[in-house]
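The values are calculated or read from the model by the stated rules, or taken from the named source; none is laboratory data. Fair warning: this is a prediction, and the values are worked out from it, not measured in the lab. No Cβ is skipped: glycine too gets one built from the backbone with ideal geometry, and neighbour counts run over all protein chains shown. Calculation scope for accessible area: heavy atoms of the full protein, side chains included, ligands and nucleic acids excluded. Shrake-Rupley method; radii C 1.70, N 1.55, O 1.52, S 1.80 Å.
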Amino acid sequence: MECRRDWPLESKAKMKLEMPFLISLLCFVLIPSFVISHEVITRNQFPHGFLFGTATSSYQIEGAVDEDGKGLNNWDVYSHIPGKIRGGVDADVADDHYHRFEEDIDLMHSLGIDAYRFSISWTRILPKGRFGGVNQAGVVFYNNLIESLLSKGIEPFVTLNHFDTPQELEERYGSWLSPLIQDDFAYLADVCFQSFGNRVKYWTTINEPNHFAEFGYMKGRYPPGRCSKPFGNCSQGNSEVELVVVMHNMIMSHAKAADIYRKSYQAKQGGSIGIVVSAYMYVPISDDEVDCQAAKRALAFNVAWFLDPLIHGDYPPEMRQVLGPQLPRFSSEESNQLKHGIDFIGINHYSTFYAKDCIYSQCDKGKHAIEGLVSIGFEKDGVPIGDPQLGMLVFHVVPSGLEKIIGYLKTRYNNKPMFVTENGFSQKDDGSQLVNELLQDDRRVEYHKSYLGSLKNAIRDGADVRGYFVWSLMDNFEWDLGYTIRFGLHYVDYQTLKRIPKLSAKWYRNFLTNNDTQIGQVPGIQLKREI
Ligand SMILES: *[C@@H]1O[C@H](CO)[C@@H](O)[C@H](O)[C@H]1NC(C)=O
Ligand SMILES: *[C@@H]1O[C@H](CO)[C@@H](O)[C@H](O)[C@H]1NC(C)=O
């Protein structure tokens, strides 16, 4: 479906607008579907060679915070500031994956996955960024991990940076706020390509730059905890200015890393390089034209902010119209380099939201240019957009959203190859849940089945999607929410660090082995009460 007009009624808009672009992008967003298909989903319905996997990230699972020469990173410092993390916890130990990676690879092997997406801890490799040496013990750790994966037939799918940056760079020049980070990131990438690239065929540079920039520099919920009112409550920062600066530095950092891969490694190593974006779907809250336009702006301000520069060589026109000269310009040299920036798009998709226009309507939230003049919500007339997830309050189960966001990317980026690099269901653990309840995760099983059904439809309609990674292999440190949210296929007991497969782990294994046995209950586990 297309919106009926482009950027209507600009004269009424409060802000000064640039010349409207008459670009008519498809608006794939009709009425959200509440229907969950009960048709059986099987692995055989996916293309030959399609990669199924699980995903994690270094800070969320590794622990071993100061072992074997690792330097301090932004999260190591931030998580120890009182009041920053729910429950006052940190990830100094987390899942202790650093010492238990072989056991964790056995879990993956028992699931039957093809690929494992993990990230490299920057300060394990480069404790002080480029202002210090390479920590060989860190290189050895990831070499062992990669070798062990390959020996079990599991393809490593490696993210260079997943929210963690050296504290050294924060203190020297403000980390992502400074263009100096581009050279540091390029250096990290170079060291990693050189050390691991003979065995790693899938690289992604930065995980969810759009989410990290928003939470670190606009809302102030992630390190360095910077923001300004009304976007958050921080002692320092400027949400509207810094978000734009950080996104720009992340885009250029990606470009420099990708350029190094293209020029020095790709031909001999034969791998590919991409980026992973947080990719929510946005649907108009009404069938008013202005809300359709608002949904288009929401998509532009979320996924296209990062992807347009890397594929089209410039920021989205929908953003330029709103932000005007506040948005940086790329030189033609930069623009050309950017256009060859990615071989594939990694999509992290968790939920779908409603978009409501804030140009012609009054909005409490969303009235600022930096928000795209669109108000984002998950309810319409008090009715949620889908069944709520049990953990993250804003996430709802809207399987059709995956098909729609893939459709949007397919059209906008000429069907560039895609991987669903994260998709997952959150459970709440505030201490009142029984372990058995958390193990009996039927809702998670239904979530993955229904999203895989939606993915299957997208592929049937021609989308070039090549893999699907469940977030996550196991429960882990969920950033500022600490250990109160569980996304794992495996339950982790944070006292003993024992991993226990949930119902969903058993379901995934059966799905991957084309075993159509129905899994009803976690075998051997007696439920203490009905759920
Ligand atoms: C803002 O942060 C300050 C300092 O941490 C705190 O005292 C205050 O209660 C916070 N205000 C709100 C509205 O959360
Ligand atoms: C299929 O799944 C069931 C239930 O998990 C299991 O008992 C059985 O051994 C599996 N069959 C095969 C061939 O793996």
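Annotations for the structure displayed:
- Percent accessible area from carbon and sulfur atoms, the chain, protein chains only, probe 1.4 Å: 51 percent
- For the chain, the 222 nm mean residue ellipticity estimated from helices alone, with every DSSP H stretch of n ≥ 4 adding -39500 (n - 2.57) and the total spread over all residues, rounds to -10000 deg cm²/dmol.
- Taking all pairs of distinct alpha-carbon atoms in the range 178-325, Kirkwood radius in angstrom: 16.8 Å
- Per residue, the accessible area of the chain comes to 38 Å², computed with a 1.4 Å probe over protein heavy atoms only.
- Radius of gyration and Dmax over the Cα atoms of the range 68-184, both given in Å: 15.8, 45
- Here is the tail figure for the range 320-441: Cα pairs spaced more than 21 Å apart come to 62 percent of all pairs.
- Segment ALA369-LYS263, length gained on full extension (0.36 nm per residue, minus Cα span): 34.3 nm
- Separation between Cα centres of the range 441-482 and the range 323-391, rounded to whole Å: 21 Å
- Cα point-scatterer Debye curve for the range 208-278, base-10 log of I(q)/I(0) at q = 0.12, 0.18, 0.22, 0.24 Å⁻¹: -0.41, -0.68, -0.84, -0.93
- Measuring between alpha carbons in the structure, the pairs from LYS229/LYS365; LYS263/LYS339; LYS229/LYS404; LYS449/LYS498 lying more than 23 angstrom apart are LYS229/LYS404; LYS449/LYS498.
- Between GLN433 and ARG86, the FRET efficiency from the beta-carbon distance, with R0 = 22 Å, is close to 0.90.
- Semi-axis lengths (Å, descending) of the ellipsoid that matches the C-alpha gyration tensor of the range 402-531: 30, 18, 12
- Summarising the label geometry, the points placed 7 Å from Cα in the beta-carbon direction at SER332 and THR42 lie 5.7 nm from one another.
- Taking the C-alpha atoms of the range 370-447, convex hull volume expressed per residue in Å³: 158 Å³
- Note on the chain: percent of Cα-Cα distances in each 20 Å bin, starting at 0 and stopping at the bin with the largest distance, equals 22, 59, 18, 0.
- Screening the chain for DSSP H helices whose Cα atoms reach 15 Å or more along their own axis and whose mean Kyte hydropathy is at least 0.0 gives 136-151, 181-196, 239-260.
- Shown for the range 288-368 is the translational diffusion coefficient from the Stokes-Einstein equation, using the Kirkwood radius over Cα pairs, a temperature of 25 °C and a viscosity of 0.890 mPa s: 173 µm²/s.
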